Every structure is written in C-alpha cells, then in structure tokens.
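Read-outs throughout are calculated quantities, based only on the coordinates presented, and are distinct from any laboratory measurement. Not measured: the values here are computed from a predicted model. Backbone-built Cβ (ideal geometry, glycine too); neighbour counts: all protein chains shown.
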Amino acid sequence: MAILYHTTGIILAKHDWREADRFYSLLTKQDGKVEMIGRGAQKTLAKLAPHLEFCAEAEFLVVRGRTYQTIAGVERVRTFPGIYSDFSKMLLAHQALALVDGGVREGQADQILYERVVHWLECLNKAPSCGPERAAFLLAGFALRLLEQLGYRPELIKCLSCRVEIQEGLFRWHTLKGGVVCEKCTIQDAEQWFSARPISDESLKLVRLALHGTFSDLLRVRIPGHTLPAFHEVVESLMYTHFPTIPVVSLRGICTMC
Ligand SMILES: [Zn+2]
C-alpha cells in the first residue's frame, strides 16, 4: 500500500531516468539521503520542476510505494540567491552537494549533517565571490567536515601509533590509517608504516585550519601556493579512501594553481 508523507530536504543530484522520469537524490532532515522519482508525466514534472531547484531547501510531499518513492508535490522553504547569482559559488555549491551525494549512504538519518550542509550553504550565500584557489580550499574544508561527520575524522595532532603529540618536521602522513605518525614510530615499525609519506608543517597546518576554522577563517587565511599540492593530495586521498563512491570532484581540477 502506498503511504503519503512530508519531508524537508535539499536536492543533491538528479538524472534522467526512463523516457520521461527523473531520479532525484535528496538529503532530508528526517531520513538522511533518499532517492525519489519525479514522475514522468512531462506535464507533472513540468509543474513541479520550478520548485525542484538545485541548492534550495524544500518541503516534499512523497508517495512511498513498494519499490520507489515518488515526489507528488514540492514547496520551497529556503533559497540562497547569493549563490545563484554568482557562477563560481554556484559551481562550488554543486560540487559540495555532489560530495554529499557520493559520500553518504542511503537511509542513514543524520540531522547534524543536514544542519551542517544548510549552514555551509548559508555561509556561501553571504560570502564574496571567490577565485579558484579559494574555492578549492573552501571545498576541501567542506570535504574534511563531511568526513568527520561520517566518522572518518583525520588525526592531525597525535601520532596514530604512540599517541604522543607530533613535533614540527618529525612526522609523516598515512592516508589509509587517516592521520599523522611520528618519525620515531615509522623507524621502530618500518613495515607497518612503510607507506607513510612526508608532508610539510605548513601543509598540515592548512589541513588543520580547513577542518577546524570557521567559514570566515577559510575565506581570510593566506594560502601559500607551494603548500597546496600536498594539501589537496591529503584531502583527496581521504575522500577516495573513505567515500563509498569515488567523488567526481577534484580539488586539483578546480584549482588552477596546482
Ligand atoms: Zn609515535
């Protein structure tokens, strides 16, 4: 039996399906990520479409059928005009929501994640237009917080092995284990840590700031060009390791300096 219910959410991605239907991936407040269909019926979809905008919070009326969930109605509740009017910010929002779509599994309710995504969109809405390096840095900050929320917070302070705080210049980075390891431990157990590699103090500081800084910190901080390739590699390798699907978004692709 079909059940009718309401849910609040943000469209993360959409793609055409069958001849006239469209699949929507949504992050909802109540149920986490959910996939729904905009039923074909070109006419019905055409009526709904103006409200099925990307990057807006909306209330959906949904029919839960045996196999699929179908959107029966939609009403916008919050829009972000400061994002729509700026191409670089629109692109950035699109990439951030694509990361959520690729990083989050279906059906895991997570209200904090939902609130974080909305908060991030609100900050981006008010932010000034930004160049490619800044956009890549903001997206990296978003990706790190997403990883943290999904339970993959990288260890950036203490050695993963001995738990002692690392010293400047005397540590390495291990992607798979998700953090820093002190030089002493890499020597004592070379086999265990053989794939740990060097990363500069400056690049690590940038990772810490991207994870812990406020949105305005991320807008203001000076980003030394030479630290960016290692910084992007750290964040991207964490995404590739922990997200269930490989993200199509590349920080290095966004940033023309790298
Ligand atoms: Zn150690």
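Just order 85-91, 29-35 by mean Cβ neighbour count inside 10 Å, highest at the front, would you?
29-35, 85-91
Can you give the FRET efficiency for Arg153 and Ile3, using 1/(1 + (r/R0)^6), R0 = 35 Å, r = Cβ-Cβ distance, to the nearest 0.05?
Values: r = 37 Å, r/R0 = 1.05.
The value I calculate is 0.45.
Could you tell me the calculated FRET efficiency between Arg78 and Arg208, based on Cβ-Cβ distance and R0 = 41 angstrom, to the nearest 0.05?
Efficiency at R0 = 41 Å is approximately 0.85.
Between His119 and Asp201, what is the spin-label point distance in nm, taking each point 7 Å from the Cα along the Cα→C-beta axis?
3.1 nm
Show which aspartates and glutamates lie in cross-link reach of Lys14 when reach means a straight Cα distance below 12 angstrom and same-chain residues fewer than eight apart are skipped.
Result set, ordered by chain and number: Glu35, Glu53, Asp101.
Considering amide H positions built from the backbone, and no H for Pro or chain starts, which residues 5 or more places from Val74, or on another chain, come under 5 Å of its amide H?
Amide H neighbours of Val74: Leu61.
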